[in-house]
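**Q** Can you read through this structure? Questions will come right after.
The values are calculated or read from the model by the stated rules, or taken from the named source; none is laboratory data. Computed from a predicted model, the values in this text were never measured in an experiment. Please note: Cβ atoms are built from the backbone with ideal geometry, for glycine as well, and neighbour counts cover all protein chains shown. Surface areas here come from the heavy atoms of the whole protein model, side chains and all, with no ligands, DNA or RNA. Shrake-Rupley method; radii C 1.70, N 1.55, O 1.52, S 1.80 Å.
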Amino acid sequence: MTRVRAVELRLVGLGLVRPFRTSFGQMTEKACVLAKVETDDAIGWGECVAGAEPDFSEEFNEGAWLVLRDLLVPALFAAGDVGAARLDELFAFVRGNPMAKATLVNALLDAELRAQGRSLASFLGSERDRVECGVSIGIAPTAEALLDQVAGHLLEGYRRIKLKIEPGADLERVRAVRERHPDILLSVDANAAYTLEDADVFRGLDPFELLMVEQPLHHEDLVDHAKLQRQIRTDLCLDESIRSAAHAEAAIELGSCRIVNIKQGRVGGVLEAKRVHDVVSARGVPVWCGGMLETGIGRATNLALASMPGFTLPGDTSASRRYFHDDLTEPFEMAPDGTMAVPDEPGIGVQPLPERLRECTHRLERLTAG
Ligand code: NPG
């Protein structure tokens, strides 16, 4: 337990090496809110995984900024002595908003672990010092362009290729990639772009032996996913629909998926992510670590999570240079064998580079305890 003296909120923006298109839109810049928490003992960093628009979920940067500045940070200051494990309860007066909450949970936990000299990976019960990396490929303008990107990423060593799909850019794209690469671990992610009426598309994907089909249906649905899962052979994986350990349990009970994507930001931070891991793994269901194009701060957090024992499939834990020419931290590099080192220094193990952070900061607000 410690007192939080100050919180700095920052809106940062980093150009992407190439535009990233999903079924809900195109990104050319990564813009996100960062929180630096200063306690009596240490400082800690948290990255909010929301984006500029409320498209992946209802959270978005300007909304998260207000929730943090006007509700969550004041609650943190008012609480006096506080620990990351208590924040769930402390923040319960704000419904939802897991991404905003995760920013402070992760930042305070980072500060606590730095003060103890303990790494996040060790705190989470990590069993590995390297994790397997996959890469997510946005919807390309043509099948040829997609094949080129896939070939490039395979050469770099990525162990799993995930293709974003949407109606009109699905079966034929997958067929083209599968014919060129019969043996790779290949999956698709629809980001909720289909309905149950499109079940034929998913039956059509079965022959391509995909590792999984991720979030084909509505972003909050569990029941229709269970109906779809009964109609296809390929394993469904849920992402958007799982916002807590309780949702994950419900999804597995209902048969809505056979694989779970864990994004710590989507479920309210690394502590809830650990609970999702625990309930899902206890049921023998594999989990893997999703990504939200995080800067080095969020990437370090994800790598620690991905080193937990139940993370048995390669994650969207790509190298920094997959997205950024210059990251906010020292860049995360992937070895040619497709693995990445898990940070082992205290807390998340990395700090933003001061000069780079200044360059990328669009707005900064420092809040201090009474
Ligand atoms: O490697 O960090 C990464 C990105 C992985 O495809 C990825 N993220 O739906 O999982 C997703 C998707 C995403 C992209 C989510 C943009 C939100 C915004």
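**Q** Would you say L217 is within 16 Å of the ligand (Cβ to nearest atom), hydrophobic (A, V, I, L, M, F, W, C) and in contact with a Lys or Arg (Cβ under 8 Å, 6 or more places away or on another chain)? Working first, answer last.
**A** On the way: within 16 Å of the ligand (Cβ to nearest atom): yes; hydrophobic (A, V, I, L, M, F, W, C): yes; in contact with a Lys or Arg (Cβ under 8 Å, 6 or more places away or on another chain): no.
Against the criterion (within 16 Å of the ligand (Cβ to nearest atom), hydrophobic (A, V, I, L, M, F, W, C) and in contact with a Lys or Arg (Cβ under 8 Å, 6 or more places away or on another chain)), L217 does not qualify.
**Q** From the residues in segment 190-215 that are part of a loop (DSSP other than H, G, I, E, B) and not hydrophobic (A, V, I, L, M, F, W, C), which one is most open to solvent (accessible area, probe 1.4 Å)? Before the answer, list the steps.
**A** Kept after step one, since they are part of a loop (DSSP other than H, G, I, E, B), are these residues of segment 190-215: 190-195, 209-212, 215.
Checking which are not hydrophobic (A, V, I, L, M, F, W, C) leaves us with 191, 194-195, 209, 215.
Values: N191: 13, Y194: 9, T195: 76, E209: 122, Q215: 0 Å².
Checking each candidate, the answer is E209.
**Q** Of all residues in segment 309-325, which are in contact with a helix residue (DSSP H, G or I) (Cβ under 6 Å, 6 or more places away or on another chain) and more than 12 Å from the ligand (Cβ to nearest atom)?
**A** If the condition is that a residue be in contact with a helix residue (DSSP H, G or I) (Cβ under 6 Å, 6 or more places away or on another chain) and more than 12 Å from the ligand (Cβ to nearest atom), then G310 is the only one that fits.
**Q** Let me ask something else. For segment 118-152, what are the residues that are within 16 Å of the ligand (Cβ to nearest atom), in a helix (DSSP H, G or I) and touching a residue at least 12 places away in the same chain (Cβ under 8 Å)? So that I can check it myself, show each step before the final result.
**A** The initial filter retains those residues of segment 118-152 that are within 16 Å of the ligand (Cβ to nearest atom), namely 131-140, 146, 149-150, 152.
Still in the list and also in a helix (DSSP H, G or I): 146, 149-150, 152.
Selection gives L146, Q149, V150.
Here is a yes/no grid of residues against (1) modelled with pLDDT of 95 or more; (2) open to solvent by 10 Å² or more (accessible area, probe 1.4 Å); (3) in contact with a strand residue (DSSP E or B) (Cβ under 8 Å, 6 or more places away or on another chain):
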site	(1), (2), (3)
V276	yes, no, yes
W288	yes, no, yes
T301	yes, no, yes
D326	yes, yes, yes
P343	yes, yes, yes
P346	yes, yes, yes
R358	yes, yes, no
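Each row is one residue, and each column tells you yes or no for (1) over 25 Å from G269 (Cα atoms); (2) among the acidic types (D, E).
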residue	(1), (2)
A145	yes, no
L155	yes, no
L171	yes, no
A176	yes, no
E179	yes, yes
L228	yes, no
Q231	yes, no
S244	no, no
A248	no, no
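**Q** Continuing with the same structure: How many of the residues making up segment 100-136 are open to solvent by less than 20 Å² (accessible area, probe 1.4 Å) and either in contact with a Phe, Trp or Tyr (Cβ under 9 Å, 6 or more places away or on another chain) or more than 26 Å from V342 (Cα to Cα) (or both)?
**A** Filtering segment 100-136 down to residues open to solvent by less than 20 Å² (accessible area, probe 1.4 Å) leaves 100, 102-111, 113, 119-121, 124, 131, 133-136.
Adding the requirement that they be either in contact with a Phe, Trp or Tyr (Cβ under 9 Å, 6 or more places away or on another chain) or more than 26 Å from V342 (Cα to Cα) (or both) leaves 100, 104-107, 109-111, 113, 131, 133-136.
Qualifying residue count for the region: 14.
**Q** Name the residue that is nearest to the ligand (Cβ to nearest atom), counting only residues in segment 252-273 that are aliphatic (A, V, I, L, M), surrounded by fewer than 24 Cβ atoms within 10 Å (Cβ to Cβ) and under 23 Å from K227 (Cα atoms).
**A** At the first step, the residues of segment 252-273 found to be aliphatic (A, V, I, L, M) are 252, 254, 259-260, 262, 267, 270-271, 273.
From what's left, surrounded by fewer than 24 Cβ atoms within 10 Å (Cβ to Cβ): 252, 254, 259, 271.
Remaining after also requiring under 23 Å from K227 (Cα atoms): 252, 254, 259.
Details: I252: 20, L254: 22, I259: 13 Å.
By that ranking, first place goes to I259.
**Q** Please indicate, with yes or no, whether at least one residue in segment 216-229 is buried (at least 22 other Cβ atoms within 10 Å of the Cβ), part of a loop (DSSP other than H, G, I, E, B) and touching a residue at least 60 places away in the same chain (Cβ under 8 Å).
**A** Within segment 216-229, none of the residues are buried (at least 22 other Cβ atoms within 10 Å of the Cβ), part of a loop (DSSP other than H, G, I, E, B) and touching a residue at least 60 places away in the same chain (Cβ under 8 Å).
**Q** Given (1) of a type outside the set (S, T, N, Q); (2) in contact with a Cys (Cβ under 9 Å, 6 or more places away or on another chain); (3) surrounded by fewer than 24 Cβ atoms within 10 Å (Cβ to Cβ), identify the lone condition not met by P309.
**A** Looking at each condition in turn, P309 falls short on (2).
**Q** Please note which strands (runs of 3 or more DSSP E) are completely contained in segment 1-117 and include at least 1 residues that are away from the ligand (no atom under 13 Å from the Cβ), modelled with pLDDT of 95 or more and charged (D, E, K, R).
**A** On the way: elements: 2-22, 25-39, 43-47.
The strands (runs of 3 or more DSSP E) meeting that bar are 2-22, 25-39.
**Q** Further, regarding this structure: Yes or no: L155 more than 14 Å from V213 (Cα to Cα), at pLDDT 95 or above, away from the ligand (no atom under 13 Å from the Cβ) and open to solvent by less than 20 Å² (accessible area, probe 1.4 Å)?
**A** Numbers: more than 14 Å from V213 (Cα to Cα): yes; at pLDDT 95 or above: yes; away from the ligand (no atom under 13 Å from the Cβ): yes; open to solvent by less than 20 Å² (accessible area, probe 1.4 Å): no.
Criteria not met by L155.
**Q** Which count do you get for residues in segment 53-72 that are open to solvent by 60 Å² or more (accessible area, probe 1.4 Å), within 16 Å of the chain's Cα centre (by Cα) and touching a residue at least 24 places away in the same chain (Cβ under 8 Å)?
**A** Residues meeting the conditions: 2.
**Q** Has segment 244-251 got at least one residue that is open to solvent by less than 10 Å² (accessible area, probe 1.4 Å), within 19 Å of the chain's Cα centre (by Cα) and of a type in the set (S, T, Y)?
**A** No, because not a single residue in segment 244-251 is open to solvent by less than 10 Å² (accessible area, probe 1.4 Å), within 19 Å of the chain's Cα centre (by Cα) and of a type in the set (S, T, Y).
**Q** Does any residue in segment 170-188 that is touching a residue at least 40 places away in the same chain (Cβ under 8 Å) come within less than 6 Å, Cβ to Cβ, of a residue that is not in a strand (DSSP E or B) six or more places away or on a different chain, and which pairs are these?
**A** Correct list of pairs: L185/L211; S187/L210; S187/L211; S187/M212.
**Q** Just to be sure I understand, how many residues within segment 73-89 are out of contact with any Leu (no Cβ under 7 Å at 6 or more places or on another chain) and open to solvent by less than 70 Å² (accessible area, probe 1.4 Å)?
**A** 4
**Q** Within the set of pairs 6 or more residues apart or between chains, which connect a residue that is within 16 Å of the ligand (Cβ to nearest atom) inside segment 274-301 to a residue that is outside any helix (DSSP H, G or I) and among the aromatic types (F, W, Y) with Cβ atoms less than 6 Å apart?
**A** Close Cβ pairs (under 6 Å, with a partner that is outside any helix (DSSP H, G or I) and among the aromatic types (F, W, Y)) amount to V287/F311; W288/F311; C289/F311; L293/Y323; I297/W45; R299/F332.
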